[in-house]
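See below for the structure under consideration.
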Amino acid sequence: MKLMKIKKSLATVLAVAAAFALVSCDTPSYPSSSSADSAELESYEALSISAITTNETAASLINSESFIRGVDISALYDLEKNGAVFYNSDDEEEDMLSILKANGVNTVRIRLWNDPYNANSKPSLPNYGYNTLAKAKSMGVRAKALGLKVLLDFHYSDTWTHPGQQLYPSAWDNLTTIDEVESAVSEYTKKCISYLSEAGAAPDFVQIGNEIDSGMLLQKSTNTNPSVSSEDANVVCGNGSEELAKVLNAAGAAVKSVDSSIEVMIHVANPSYYSRITNLSGLDSANYDAIGVSFYPCNSNRKISDLKNAISSIVSAGKKAYVAETSFPWTCEWVEGKNDDKNNVIWYTGTDSMATAYENLNEDYNLTNFGISKSTYNGSPIIAPTYQNQAAVIREVIAAVAEAGGSGIYYWGGEWVATTSIPSTWENQTLFDLDGKVLPSAKVFSVKAETGTSLFDVVPEEENTDSAEKTKVFTGTFSSGNPVLIVNSDDISKLTITKIKISISDYTASENPWITAYAGEGDWPSGDSVQWTGISDGSSISSGTEWNDAFIGNVKLYGLKVAGDSGLSATVTVTYTE
């Protein structure tokens, strides 16, 4: 059998083995053919993660052992129970936590719900990350055995909480006074932390509430409408309210009463809403240590400059600052044959998209300085979903947090691969490919910093796209049913193409020409090749028509296939940018 490639002491190996046993002695090999075009991962070491050039203070922060390079692993327990297998860069099956640690991750985040399987919760997805205290313990024990730190994320609900949805856990629905709510929050918090500590999964950090922009405990467990009757309603702890301050004080004090060394964080989704915490009247500063914000570049109104301003303001208020959630896509594809719903949250264009990411990050020359490549999709400028861009965007987030005096970041959904039982709307933002192999971009968590002029301050030279363009002309007669694949290793085959322009001329409309470009590392037309796009409506193509598009993904072009009705004679001109 293959040996698991885990670099740690024998004592740690035994500790991990006690916490987590593989179901088989045989270590499965990484799939030889992948629905994710994973042949590109053969060049794992080829993706270079350059050091972050920044000021001396930020460089010291980034290079310190205390700077948090975290990943939320909340679904790991359920994914493994439902068949998920993870592979390291050498194509060997390995514990996902070991793989993350080998790539520079030093902290994991685990969400916790009160009673996720009660009748009112009704999980919309089977099992995914609906963590009980027992599940949190299982993952926490494994993490601590590997020397990873743990952030415990209290949702104080039986289901997801986020802005506008902050449901009471069903067990607290009948509470009617703020004193009762404070007591319930305090006792539950103490119980959970004590239990985990005694089990060997003591949290180093605790998050009291999840994305509480609108407040906490706003609705009963059975009611998603934030407007509740005052006659028999539970206490509502809305944004800016005295009740919210009391609940946060109760939660924070409860954590400190169990272990005063645990760092307490309060989390808001919108970075600009940090002031809803720092300005909250009645909130005792002694009961919390940090504020975390969410920063998803693909969401609207999430500019890197706004993030830096928020982090800096939090630090100026005397609190540590984190990006508690962030992510970026490496593809827009999905898994076939694994009960996947194909409804990924992030797509090329729209509200949550690669086009929005371009708008948010295309400021202060950030794209160029941080090695982020831009492209277009249906006429919209986008940041292409690639391994390089996933790493480059996270690298920029790390730089922004450190330069503003922040203390680290957490990546959300890095583990959420699809299985036959658990679909994923996030699989294109994971740190693993569609078959479970760690992506080259995961190495960004080990990025270092060097002192110099900040990458945010350097003005790059203007790009001269004209001089980078190359043109090749192909002329020939093409027979129907026997299309010609234009491949020449000295011309365009196997080049990394960022932009392509194709014109077809010297033919008649009746000859119905069409062109298809192919990308991939395999020998066309094997399964490793991926069809990019094509022109098939000859009647709409007039002689000399120029077709423009960007090559999505900045990947390697295998070749062009030209076909049409029997006797087609045409000239194909290809202008491309490497």
State which residue is nearest to N343 (Cα to Cα) when the search covers only the range 418-428 and only residues that are part of a loop (DSSP other than H, G, I, E, B), open to solvent by less than 10 Å² (accessible area, probe 1.4 Å) and not small (G, A, S). I422
Return the residues of the range 85-115 that are part of a strand (DSSP E or B), open to solvent by 10 Å² or more (accessible area, probe 1.4 Å) and touching a strand residue (DSSP E or B) at 6+ places or on another chain (Cβ under 6 Å); say none if nothing qualifies. Y87, E93
Verdict on S294 being in contact (Cβ under 8 Å) with a residue 12 or more places away in the chain, touching a Cys at 6+ places or on another chain (Cβ under 9 Å) and open to solvent by less than 10 Å² (accessible area, probe 1.4 Å): no
When the residues of the range 393-417 are narrowed to those that are open to solvent by 10 Å² or more (accessible area, probe 1.4 Å) and of a type in the set (G, A, S), which ends up farthest from S305 (Cα to Cα)? S407
Out of all the residues in the range 279-287, is one or more farther than 30 Å from A418 by Cβ, of a type in the set (A, V, I, L, M) and in a strand (DSSP E or B)? no
So which residues in the range 278-291 are of a type in the set (A, V, I, L, M, F, W, C) and either open to solvent by 20 Å² or more (accessible area, probe 1.4 Å) or free of Cβ contacts under 8 Å to residues at least 24 places away in the same chain (or both), if there are any at all? L283, A286
Which condition from (1) at pLDDT 85 or above; (2) in a loop (DSSP other than H, G, I, E, B); (3) open to solvent by 50 Å² or more (accessible area, probe 1.4 Å); (4) more than 30 Å from L196 (Cβ to Cβ) is the one that S35 breaks? (1)
Would you point out the residue of the range 351-368, among those that are β-branched (V, I, T) and more than 12 Å from I382 (Cβ to Cβ), that is most open to solvent (accessible area, probe 1.4 Å)? T351
Looking only at the range 175-190, decide whether some residue is more than 30 Å from G406 (Cα to Cα), part of a strand (DSSP E or B) and modelled with pLDDT under 95. no
Here is a list of conditions, (1) closer than 30 Å to K374 by Cα; (2) open to solvent by 10 Å² or more (accessible area, probe 1.4 Å); (3) in contact with a strand residue (DSSP E or B) (Cβ under 8 Å, 6 or more places away or on another chain), and A310 meets all of them except one; can you say which number that is? (2)
Mind checking whether some residue in the range 214-225 is touching a Gly at 6+ places or on another chain (Cβ under 8 Å), open to solvent by 10 Å² or more (accessible area, probe 1.4 Å) and closer than 27 Å to T278 by Cα? yes
Count of residues meeting criterion [buried (at least 24 other Cβ atoms within 10 Å of the Cβ) and either modelled with pLDDT under 90 or over 14 Å from N88 (Cβ atoms) (or both)] in the range 429-443: 3
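Per-residue answers, yes or no, for (1) of a type in the set (V, I, T); (2) at pLDDT 95 or above:
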residue	(1), (2)
S48	no, no
A59	no, yes
I62	yes, yes
E65	no, yes
I68	yes, yes
A75	no, yes
N82	no, no
V85	yes, yes
D91	no, no
Please verify whether K320 is open to solvent by 40 Å² or more (accessible area, probe 1.4 Å), within 30 Å of Y288 (Cα to Cα) and not aromatic (F, W, Y), treating the condition exactly as stated. yes
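Condition check ((1) over 27 Å from R109 (Cα atoms); (2) hydrophobic (A, V, I, L, M, F, W, C); (3) free of Cβ contacts under 8 Å to residues at least 24 places away in the same chain; (4) part of a strand (DSSP E or B)) across all residues:
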| site | (1), (2), (3), (4) |
| --- | --- |
| G318 | no, no, no, no |
| A324 | no, yes, no, yes |
| T349 | yes, no, no, no |
| N360 | no, no, no, no |
Could you say whether any residue in the range 386-398 is of a type in the set (K, R) and at pLDDT below 95? no
For residues in the range 444-453 being open to solvent by 20 Å² or more (accessible area, probe 1.4 Å) and of a type outside the set (S, T, Y), which is farthest from Q390 (Cα to Cα)? G452
Of the residues in the range 67-84, how many are part of a loop (DSSP other than H, G, I, E, B) and surrounded by fewer than 23 Cβ atoms within 10 Å (Cβ to Cβ)? 4
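The values are calculated or read from the model by the stated rules, or taken from the named source; none is laboratory data. Just so it is clear, the model here is predicted, and its values are computed rather than measured. Please note: Cβ atoms are built from the backbone with ideal geometry, for glycine as well, and neighbour counts cover all protein chains shown. Note: areas computed on protein heavy atoms with side chains; ligands, DNA, RNA excluded. Shrake-Rupley method; radii C 1.70, N 1.55, O 1.52, S 1.80 Å.
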